[in-house]
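Here the structure comes first, spelled out in structure tokens, and everything after it is commentary.
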Amino acid sequence: MGNSGGSEIRLTVSGQLPTDTTEDVRARGAGAARQVAVLPVGSFEQHGAYLPLSTDTLVACAIAQEVAAAFPVHLLPPVTISCSHEHAAWPGTVSISSVTLHAVVRDIADSLRRSGVDTLVVVNGHGGNYVLGNVVQESTAAGARMALFPAAEDWETAREQAGIETSLLTDMHAGEIETSILLHRHPELVRPGYETSDFEADDRRQLLTLGMSAYTKSGVIGRPSRASAEKGKELLASLAGSFGAYFSLLTSETGLPAVVDRH
């Protein structure tokens, strides 16, 4: 674990699940001015013929684990099914309503506060989870400490630092970024075919009305052929670096409203 403050209790992970004991959590929080939990939120949706349905969850977990290796945060298990309604045309995709996802994240934040962890960072791995922005806005307006990570600016910085050739607009789904992260963290899950699956559809203004199937037959929008494990490694390193500003803000004693107990 990095020396970003707090206890030097090392996080351990088995697969996508943290293996902390309650004593590990107690020791990590001892003496910390504020305890921060990190919640990966992914999805279960099609990612073309070469990436698994769980891609967004694997990406969110990879980011959260990188953060937890560098900062004294409590890593939570992922939310694995979310708002993937735009992918409903493809077999295997499963969604929950935005109302349900909103309630799940709020309930998790409330439960954490009852156990003494007053700050939650939601690490979002799926662009269609628009409601997570509302959860954070509403919670912070009510006095809670919460953040959504990464922001578009964090992804843009990571894209530039990792040498990603595709723009964020073009790299929409199962493209260079997601394929690179999985090639780095889970190469055994990447099937052949990404090398020849590039497809561009930058004008997607009717996406919410028509869904993804109106823009791509393969389910891919992006240029996965340009992906590499090295780019995936650099993407995660950059995002972990960007998290430092969030951690400093959320653990400061000024600049954020005091926590309001709604119970």
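For this structure, a couple of remarks:
- Average Cα contact separation per residue, segment 101-210, under 8 Å, 6 or more apart, as relative contact order %: 18
- Segment 109-170, relative contact order in percent, only Cα pairs under 8 angstrom and at least six apart counted: 31
- For segment 54-65, putting each phi into the Karplus relation 6.51 cos²θ - 1.76 cosθ + 1.60 with θ = phi - 60° gives couplings of 8, 3, 5, 5, 5, 5, 4, 5, 4, 5, 5, 5 Hz, in residue order, rounded to whole numbers and with x for Gly and Pro.
- For M146, nonlocal amide neighbours, meaning residues 5 or more places apart or on other chains whose placed amide H falls under 5 Å from its own, are L120.
- Counting 0.36 nm for each residue step from A89 to K217 and taking away their Cα separation leaves a gain of 45.1 nm.
- With both labels modelled 7 Å from their Cα along Cα-to-Cβ, the Y130 to A33 distance reads 3.8 nm.
- Nearest 10 degrees, 0 to 90: helix 229-251 Cα axis against the chain principal axis: 30
- Net charge contributed by nearby residues that have their C-beta within less than 13 Å of V131 (K/R +1, D/E -1): 0
- Between segment 129-170 and segment 219-252, the alpha-carbon center distance in angstrom: 11
- Residues whose amide H lies under 5 Å from that of H74, counting only those 5 or more places away or on a different chain, are V36, A37, V38; hydrogens are built 1.01 Å from N in the peptide plane.
- The calculated FRET efficiency for the pair L169 and S248, based on their C-beta separation and a Förster distance of 22 Å, comes to about 0.15.
- Between P18, G48, G29, the Cα set farthest toward the positive side of the dipole of segment 16-59 (charges on each charged residue's Cβ, about the Cα centre) is that of G29.
- Charged neighbours of S43, selected by a Cβ distance under 15 Å, balance to -4 (K, R count +1; D, E count -1).
- Rough spin-label spacing in nm, given labels placed 7 Å along Cα→Cβ, for E188 and T19: 1.5
- Distance between the 7 Å Cα→Cβ label points at E153 and T196: 4.3 nm.
- Helical runs assigned H by DSSP (4 residues or longer) give the chain a calculated mean residue ellipticity at 222 nm of -12000 deg cm²/dmol, each run adding -39500 (n - 2.57) before division by the residue total.
- Relative contact order, whole percent, for the chain stands at 21, derived from Cα pairs under 8 Å and 6 or more residues apart.
Any read-out appearing in this document is the output of simple, stated calculations on the displayed coordinates, not a laboratory observation. As the structure is a prediction and not an experimental result, all values here were calculated from the model. Note: ideal-geometry Cβ built from the backbone for every residue, glycine included; neighbour counts use all protein chains shown.
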